[in-house]
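Below is one structure, written out as structure tokens; the observations come after it.
The values are calculated or read from the model by the stated rules, or taken from the named source; none is laboratory data. Computed from a predicted structure; not experimentally measured. Methodologically, a virtual Cβ is constructed for each residue, glycine included, from the backbone with ideal geometry; neighbour enumeration extends over all protein chains shown. To get the accessible areas, we keep the full protein, side chains included, count just its heavy atoms, and leave off ligands, DNA and RNA. Shrake-Rupley method; radii C 1.70, N 1.55, O 1.52, S 1.80 Å.
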Amino acid sequence: MATEEKAQLGMVGLGVMGRNLALNVLDHGYTVMGYNRSPESLARAVKESGGRLVGAGSLAELVNGLERPRQIMLMVKAGDPVDAVMGQLEPLLESGDIVIDGGNSWYLDTRRREKQYAEQGLRLFGVGVSGGEEGARYGPSIMPGGDREAYKSIQPMFESIAAQTDSGPCVTYVGPDGAGHFVKMVHNGIEYADMQFIAEVYDLLRRVGGLDPEALAEVFGRWNRGPLESFLIEITAEILTVRDEKAGGFLIDQVLDKAGQKGTGRWTVQVALELGVPVPSIAAAIDARVLSSRKETRRAASGILRGPEASLLDSDSRETVGKAHDALHAAKIVAYAQGMDLIGAASEEYDWSIDLSEIARIWKGGCIIRARLLDSIMRTYARRRDLPNLLLDEEFSDTIHSLQPGWREVVGLAQRHGVPVAGLASSLAYFDSYRTEDLPQNLTQAQRDAFGAHTYQRKDDPEGEFVHTEWLKRSP
């Protein structure tokens with residue numbers, strides 16, 4: 001790019017994700033100027049671009065080198081760093097300029113920042129980007145939230161760099177202010193649940209089914225050619241084939257069982273509680289990761305606490321594999337149902353008008369939870385925009401009913417052998433609770449009224465006034 005030309009996009013933050021996104025944008029014919037606090041990271045990005053990326057020595061130089069209205073994307077750590085960079089940019093920008101926060105920011109922070117910028121005539125987009133390093137480089141799923149009119153300015157670029165499927169580019173206008181970051185947060189929550197289900201099935205088939213990693217790789221590879229086809233199933237099959245060059249055997253057996261997390265899954269559960277939406281599948285996945293991190297405590301407990309010994313089944317393992325497939329499929333549907341329910345509740349709470357069919361569509365490619373199942377979810381919400389829960393759609397209710405026997409047997413099998421399946425079991429409990437007209441919380445309400453005079457409503461007058469009863473008879 002000649003020095004007198006202005007770049008079309010400014011990229012602030014040239015770590016792996018920022019650098020790969022910048023390269024992706026460059027590959028699609030746009031000009032990009034980049035800035036990073038670390039000169040080494042900037043130099044590396046310029047080198048990897050073959051000189052196409054123009055480096056800026058300061059934010060002021062970056063701003064001065066961009067076309068108007070300026071478009072600047074931030075790929076910096078969520079939280080205070082985003083506020084710091086936005087604060088430094090604000091006096092340098094002009095009315096109509098657009099700043100894009102592409103990190104995993106807390107959606108309420110995005111709402112606050114968007115309002116703050118709007119008061120200055122500036123436009124902020126909170127944009128969820130999913131797909132990891134590979135997706136950023138060659139086509140992610142992109143979830144933008146912000147001003148609808150301003151979106152038209154960034155739409156062509158986003159549509160060109162997003163993953164492409166038979167349903168179009170994996171990007172859509174999600175909604176105002178924090179809608180994009182909210183949807184990305186829920187995406188990550190579903191991702192946590194799906195990974196937990198897969199781990200539980202892997203564990204059960206190893207410890208009770210007797211399958212080694214090589215056999216499991218074949219199973220997951222076969223599953224990836226059917227209804228369970230997805231990115232996570234695909235990479236699981238590949239992971240299980242990798243040999244350990246250091247110790248021999250399979251590398252998966254040398255990986256320490258302490259799972260990390262970056263917070264978005266936890267946020268999903270916190271927000272769900274605040275909005276009154278049950279997401280037990282996601283909560284179980286978070287609990288499992290937290291418990292896994294307590295390795296030393298578990299090691300000590302394993303020498304004290306006893307349960308049934310996991311033993312290999314005498315029956316044909318192929319039957320168990322089939323039932324495990326059904327359990328995984330059913331739990332996966334439930335996790336998506338919970339996630340979509342949560343997005344719908346937030347959309348109503350904040351007046352975002354999120355199109356759930358479009359969310360399913362843009363998750364079909366590029367992102368971590370891309371899966372064949374999303375085709376059906378997309379069609380379902382296109383038919384019934386006001387569907388209260390995915391499980392109530394005839395296609396999904398029929399599928400769940402057909403999977404239910406195997407699902408129940410797998411959960412029971414795991415419990416009989418002492419193999420923890422918190423994700424599969426919590427998903428089944430959610431299904432059983434959701435389909436039950438009369439739950440035992442009538443007793444809960446009576447207890448609350450008995451010890452705290454919290455009152456209750458009567459079945460024969462469910463919309464009537466709350467009443468109180470003196471339940472506890474005390475001696476005079």
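When we screen 357, 353 for residues that are open to solvent by 10 Å² or more (accessible area, probe 1.4 Å), among the small types (Gly, Ala, Ser), in contact with a strand residue (DSSP E or B) (Cβ under 9 Å, 6 or more places away or on another chain) and within 21 Å of residue 185 (Cβ to Cβ), the only hit is 353. In this structure, is residue 385 surrounded by 15 or more Cβ atoms within 10 Å (Cβ to Cβ) and among the basic types (Lys, Arg)? The answer is no for residue 385. Note on segment 197-212: residues that are outside any helix (DSSP H, G or I) and out of contact with any His (no Cβ under 8 Å at 6 or more places or on another chain) total 4.
Select from segment 215-241 the residues that are outside any loop (DSSP other than H, G, I, E, B) and under 20 Å from the mean Cα position of the chain (by Cα) and write down the one among them that is surrounded by the fewest Cβ atoms within 10 Å (Cβ to Cβ). Going through the qualifying residues, I end up with 235. Which one of the conditions (1) over 25 Å from the mean Cα position of the chain (by Cα); (2) more than 22 Å from residue 162 (Cα to Cα) does residue 109 fail to meet, given that it meets all the rest? That leaves (1) as the condition not met. Candidates 26, 42: the one that is in contact (Cβ under 8 Å) with a residue 12 or more places away in the chain and under 28 Å from the mean Cα position of the chain (by Cα) is 26. Name the residues in segment 250-276 that are small (Gly, Ala, Ser), out of contact with any Pro (no Cβ under 8 Å at 6 or more places or on another chain) and surrounded by 12 or more Cβ atoms within 10 Å (Cβ to Cβ), would you? Correct list: 259, 263, 265. Scanning segment 432-476 for residues that are polar (S, T, N, Q) and outside any helix (DSSP H, G or I) yields 436, 455, 457, 469, 475. Mind checking whether some residue in segment 143-164 is within 30 Å of residue 87 (Cβ to Cβ), among the polar types (S, T, N, Q) and open to solvent by less than 10 Å² (accessible area, probe 1.4 Å)? The answer is no; no qualifying residue exists. Number of residues in segment 84-131 that are exposed (fewer than 15 other Cβ atoms within 10 Å of the Cβ) and among the acidic types (Asp, Glu): the value is 3.
Counting residues in segment 163-177 that are at pLDDT 95 or above, small (Gly, Ala, Ser) and in a helix (DSSP H, G or I) gives zero.
For every residue, the table says whether it meets (1) free of Cβ contacts under 8 Å to residues at least 60 places away in the same chain; (2) of a type outside the set (A, V, I, L, M, F, W, C); (3) farther than 23 Å from residue 371 by Cβ.
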| position | (1), (2), (3) |
| --- | --- |
| 232 | no, no, no |
| 240 | yes, no, no |
| 253 | yes, yes, yes |
| 259 | yes, no, no |
| 268 | no, yes, no |
| 279 | no, no, no |
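Got at least one residue in segment 400-410 being open to solvent by 80 Å² or more (accessible area, probe 1.4 Å), modelled with pLDDT of 95 or more and more than 30 Å from residue 329 (Cα to Cα)? So far as segment 400-410 goes, no, none of its residues is open to solvent by 80 Å² or more (accessible area, probe 1.4 Å), modelled with pLDDT of 95 or more and more than 30 Å from residue 329 (Cα to Cα). Note on segment 1-74: enclosed helices (runs of 4 or more DSSP H) holding 3 or more residues that are more than 24 Å from residue 142 (Cβ to Cβ) and open to solvent by 30 Å² or more (accessible area, probe 1.4 Å) are 39-48, 59-64.
When restricted to residues that are in contact with a Ser or Thr (Cβ under 6 Å, 6 or more places away or on another chain) and without any contact (Cβ under 8 Å) to a residue 12 or more places away in the chain, segment 381-421 contains 0.
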